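Right, one structure below, let's go through it.
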Amino acid sequence: MIALIAAIAVGSATVADPVTLHGIGDLRVGMPLSQLRQLGAVEDYPSDEDVDCSYWTIPDRDGLSLMVSGHRLVRIDIRSDQYRTLSGAAIGMDPTQVRRIYGRRLKIEPHPYAAPEGHYFVYRAKREPYGMIFETPGSRVESFRVGLWDHVRLIEGCQ
């Protein structure tokens, strides 16, 4: 019985798993939609017929939205302070804390809807097609997203 519980625990992401550019625990950027469904994912926003993109959620993982394109997970949007990046950044942090954590690796850009007060804190991997953007429309980080760079940089999600 204990071995069964341990096997189940190893196979699922928890809030203790750090967020990386590649995912969170068993949620891995690039994984096929069939695997997301096995994890209990359900489609939240059906894809537009003209756009190969949709959003999915997993009911027992609050604060995560999963962008799917080409039948694969391409981006994870985080909106809960339960999750932290591998370096320790999280929702609710003051932007100066995020800057201290990532230093010069972050590019600071005006927030497209909340400038001049709001900012995007942008990190793009140098040798991989991955990235991360923290949104700070005010004095705190309100959300961040990780995944394949071409999808992470989309401001309106699937649009």
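Coordinate-derived values only; no laboratory data. Computed from a prediction, not measured in an experiment: that's the story for all the values here. Cβ coordinates were reconstructed from backbone atoms using ideal geometry, including for glycine residues, and neighbour counts include every protein chain displayed.
What the table shows:
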| item | result |
| --- | --- |
| Segment T96-R79, length gained on full extension (0.36 nm per residue, minus Cα span) | 4.2 nm |
| Exposed trypsin sites (Lys or Arg not before Pro) absent: longest stretch of the chain, with sites in DSSP loops and at most 11 other Cβ within 10 Å deemed exposed | 1-125 |
| CD proxy at 222 nm, helix term only [per DSSP H run n ≥ 4: -39500 (n - 2.57); per residue of the chain; nearest 500] | -4000 deg cm²/dmol |
| Cα-based convex hull, region 2-152, per residue volume (Å³, whole number) | 123 Å³ |
